[in-house]
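In what follows, a structure is listed as structure tokens, so that the remarks can point back to it.
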Amino acid sequence: NGRLAAEFNPASGRIEKNAITFRADRSGHYFVRAEINGSEIDFMVDTGATHLVLNMQDAEKIGYNLDQLSFTMPASTANGIAYSAPVKFGAVVVGPIRVENVAGFVNQGELDISLLGMSFLNQLSGYEVRDGLLTLYP
């Protein structure tokens with residue numbers, strides 16, 4: 001998790017003290033690697049997403065049986081209406097940060113990458129964006 005690793009794989013971030021910092025990609029988006037249920041998931045940070053949202057591939061990766069989920073919650077997306085299943089994540093770990101009991105959804109639509117939304121970010125002591133860097137504070 002040093003500077004060189006963070007440059008080659010920005011989603012891994014750079015840990016300093018109790019915070020973790022991520023560099024924006026060329027389009028200005030921030031990608032974060034988090035651990036849920038022992039599996040690493042790549043997320044795009046999305047402050048416009050109310051919750052943490054997993055795509056179906058990532059949901060299966062962390063152990064959800066998609067046939068047992070209830071996709072009843074409509075959500076308006078760029079591709080139209082998609083249905084999601086409400087879920088609760090026991091813990092979401094990003095570097096030195098561990099957030100317990102995170103509300104989220106599994107999205108049934110065509111979501112390329114899972115979204116790290118406000119149900120995670122609001123449980124942090126803070127986060128900031130400055131000079132192309134996103135820093136998360138526990």
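The values are calculated or read from the model by the stated rules, or taken from the named source; none is laboratory data. Source: prediction; values computed, not measured. All Cβ positions, glycine included, derive from the backbone under ideal geometry; neighbour counts span all protein chains shown. SASA here: full protein model, heavy atoms, side chains in, ligands and nucleic acids out. Shrake-Rupley method; radii C 1.70, N 1.55, O 1.52, S 1.80 Å.
In the chain, the DSSP-assigned H stretches of four residues or longer account for a calculated mean residue ellipticity at 222 nm of -2500 deg cm²/dmol, using -39500 (n - 2.57) per stretch and the full residue count as denominator.
For Leu66, project a label point 7 Å along Cα to C-beta. Then give me every residue of segment 95-120 with its amide nitrogen under 20 Å of that point. Answer for this model: 104-116. Around the amide H of Thr50, modelled in the peptide plane, lie the amide H atoms of Met118, all under 5 Å away and 5 or more residues distant in sequence or on another chain. The heavy atoms of Asp112 offer some 150 square angstrom of accessible surface to a 1.4 angstrom probe. Over the chain, Cα pairs under 8 Å with separation of 6+ residues give a relative contact order of 28 percent. Note on Tyr83 and Thr50: the extension gain reaches 10.4 nm, defined as 0.36 nm multiplied by sequence separation minus the Cα-Cα distance. Computing mean projected area of the Cα convex hull in nm² directly from the structure and comparing it against (i) 8.1; (ii) 10.8; (iii) 7.7 singles out (i). Each residue of segment 119-124 is assigned a 3J(HN,Hα), and the resulting list reads 5, 8, 4, 5, 8, 7 Hz, derived from the Karplus form 6.51 cos²θ - 1.76 cosθ + 1.60 (θ = phi - 60°), x at Gly and Pro.
Report the charge-dipole magnitude of the chain in Debye, nearest 20, computed about the Cα centre from +1 at each Lys and Arg Cβ and -1 at each Asp and Glu Cβ. Display every interim value, and only then the final one.
Values: 10 positive and 15 negative charges, 80 e Å.
The dipole magnitude comes to about 380 debye.
Between Asn107, Tyr137, Ser70, the Cα set farthest toward the positive side of the dipole of the chain (charges on each charged residue's Cβ, about the Cα centre) is that of Tyr137. Rounded to a whole number, what % of the accessible area of the chain do carbon and sulfur atoms account for, probe 1.4 Å? The computed percentage sits at 47. Taking a Cβ cut-off of under 10 Å around Ala91, the surrounding Lys, Arg, Asp and Glu residues balance to a net charge of -1, with basic ones at +1 and acidic ones at -1. Of the two radii for segment 84-138, the radius of gyration is 1.01 times the Kirkwood radius, both from the alpha carbons; that is the Rg over Rh value.
Heavy atoms of the protein chains alone define the surface here; on that basis the chain has 56 Å² accessible area per residue at 1.4 Å probe size. 3J(HN,Hα) couplings calculated from phi for segment 84-91 with the Karplus curve 6.51 cos²θ - 1.76 cosθ + 1.60 (θ = phi - 60°) are, in sequence order, 10, 10, x, 9, 10, 9, x, 7 Hz; Gly and Pro show x. Computed from phi, the 3J(HN,Hα) profile of segment 54-60 under the Karplus parametrisation 6.51, -1.76, 1.60 (θ = phi - 60°) reads 9, 6, 5, 5, 5, 4, 5 Hz, with x in place of Gly and Pro.
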